[in-house]
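One structure below.
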Amino acid sequence: MKMKRAPIRSRPALALAGAAVLVAAALGGAGQVGAVPVLQGSQTIKAGAGPGWPKTLHPNDFVARVDNPRFPLKPGSRWHYRGVDADGRFTDNMHVKHKTKTIEGVRATVVHDVVLRHGKQREVTNDWYAQDRHGNVWYFGENTKELDRHGHVTSREGSFKAGRDGARPGVLFPGHPRVGLKARQEYYKGHAEDHFKILDRHAHVSVPYVSSHNAVKTKEWTPLEPGIVEHKYYVRGVGDVKEVTVKGSKERLRLVSFHRG
């Protein structure tokens, strides 16, 4: 299971009666409902977030910035993590780029993520995120490559882009997290099928950079690796601060430093 930063590692479209219809979709806290415009043709984005979430979206549903308090992606922001897994210790550096990438008509924020072992790049990824007007952060895909110790690309497994080969965006983090809320974070059949569930809104977490008693704790998993379950902790104003595998392979990651853009 690929550990995404601040992720890890149904389909029928709605019938349309005219050029545009409004679909009621539960998007926020309990009882909060938003109207999601759904248009025909190339203007319709097929989503894969699961029951209770919109099955189709329109580019106009999205806003220009990702400023969800617990998943802020302000351009120029940088996160530095240290972790350990079956292969030993590693570091992970995440950087929000000032450029964007247009996917399915949506202008997505680009996050550059580099994993290093012994000072050498072993995984390099560009992730693409966009936020809807309800504050939900959607994951539109990634371009990832794994490298050997000599810098040669050994795999691009997990790469996908919404709208290509049946891939769909999913909700990486909700605008109004509540305990029990769950959704699909991504969908590219057989390659990218991560899910999350909110476990706690007032969890305690302590890492080198920050301590909090009000972290949002999630459970994340993928049917592609059914023996692995991960917990993540998100802190307001910072984002993902800790990841730990609680079932399966033993991996953990902690935030060491953070620079707000």
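We did not get these values from a lab; they are worked out from the coordinates using the rules stated. Values in this document were obtained by computation on a predicted structure and should not be read as measured data. In this analysis, Cβ positions are derived from the backbone assuming ideal geometry, glycine residues included, and neighbour counts consider all displayed protein chains.
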- Grab the other residues whose beta carbon is less than 11 angstrom from that of PRO59, score K and R as +1, D and E as -1, and report the net. -2
- Item | Subset of LYS74/LYS247; LYS120/LYS189; LYS74/LYS189; LYS145/LYS232; LYS46/LYS120; LYS189/LYS217 violating a 29 Å alpha-carbon distance limit | LYS74/LYS247; LYS120/LYS189; LYS74/LYS189; LYS46/LYS120
- Task: Using per-residue counts of other Cβ atoms within 10 Å, averaged over each peptide, order 127-140, 226-239, 204-217 from highest down.
- Result: 127-140, 226-239, 204-217
- Query: Tell me, what ³J(HN,Hα) does each residue in the range 142-148 have, in order and in whole Hz, if you take phi through Karplus 6.51 cos²θ - 1.76 cosθ + 1.60 with θ = phi - 60° and put x for Gly and Pro?
  - Reply: 7, 10, 10, 9, 9, 10, 7
- Task: Run the quick spin-label model on LEU199 and HIS112: label points 7 Å from Cα toward the beta carbon, then report their separation in nm to one decimal.
- Result: 3.4
- Item | Mean separation of Cα contacts under 8 Å, 6 or more apart, over the residue count of the range 222-261: relative contact order % | 31
- Task: Amide H neighbours of VAL66 under 5 Å, at least 5 residues apart or on other chains, H built in the peptide plane: list them.
- Result: LEU73
- Quick one: check the C-alpha center-to-center distance for the range 60-100 versus the range 204-226, whole angstrom. 15
- Query: Full extension from HIS80 to VAL153: what is 0.36 nm times the residue separation minus their Cα-Cα distance, to one decimal in nm?
  - Reply: 23.9 nm
- Query: Once label points are set 7 Å from the Cα along Cα→Cβ at both VAL179 and GLN121, what is their separation, rounded to one decimal in nm?
  - Reply: 4.4
